[in-house]
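Let me begin by presenting the structure, written as structure tokens, before commenting on it.
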């Protein structure tokens, strides 16, 4: 039974890693070569979400990630609770693999449970977390649309090609958040 859980969990994690590479990394690498006339700080200011640290990056990939993040903040401001949970809640638990690893090490030291069961349960917890993250991708796509609508009201981009590249990167950047590392 633990072997079956380990295999199923690894299949989910590998599928998520491949999907992240296919949908995000390839588009991000292409978007980094597209220069834009607007910086990340200017985009955030136009959307009414000023950054604490100025960011002068002007490539489509960085602007797409910023557009998605500002869209989540706008949805949160509009009262959508899921947007706040997606941005700051337990959904974005980046420390989960470390916690599972610590539990695994201490369980091995004290030898109360078989190591195969500890590994199976740890991988299962991480796989379920990844599945939960994948199930919430619609909220982030809604945030991209909300950010783009708000940006259209404030003037938008100077060129259509810039806007298309940033929107493609923003839609692809939702896959960046599915893995907890």
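Since every read-out is calculated from the coordinates, none of them should be taken as a lab result. This one's a predicted model, so the numbers in the text were calculated from it and none came from an experiment. Positions of Cβ are backbone-derived with ideal geometry, glycine not excepted, and every protein chain shown enters the neighbour counts.
Summary of values
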{"read-out": "Output for the stretch 1-49, where each listed residue is in a helix (DSSP H, G or I) and within 17 Å of residue 156 (Cβ to Cβ)", "value": "40, 41, 42, 43, 44, 45, 46"}
{"read-out": "Search result, residues across the stretch 145-171 that are closer than 19 Å to residue 45 by Cα, free of Cβ contacts under 8 Å to residues at least 12 places away in the same chain and loosely packed, with under 15 Cβ neighbours inside 10 Å", "value": "149, 152, 153"}
{"read-out": "Residue tally, condition assigned to a helix (DSSP H, G or I), without any contact (Cβ under 8 Å) to a residue 60 or more places away in the chain and out of contact with any helix residue (DSSP H, G or I) (no Cβ under 7 Å at 6 or more places or on another chain), over the stretch 74-90", "value": "4"}
{"read-out": "Search result, residues across the stretch 14-33 that are surrounded by fewer than 19 Cβ atoms within 10 Å (Cβ to Cβ) and in contact with a helix residue (DSSP H, G or I) (Cβ under 6 Å, 6 or more places away or on another chain)", "value": "20, 23, 32"}
{"read-out": "Test result for residue 52, more than 16 Å from the chain's Cα centre (by Cα) and not in a helix (DSSP H, G or I)", "value": "yes"}
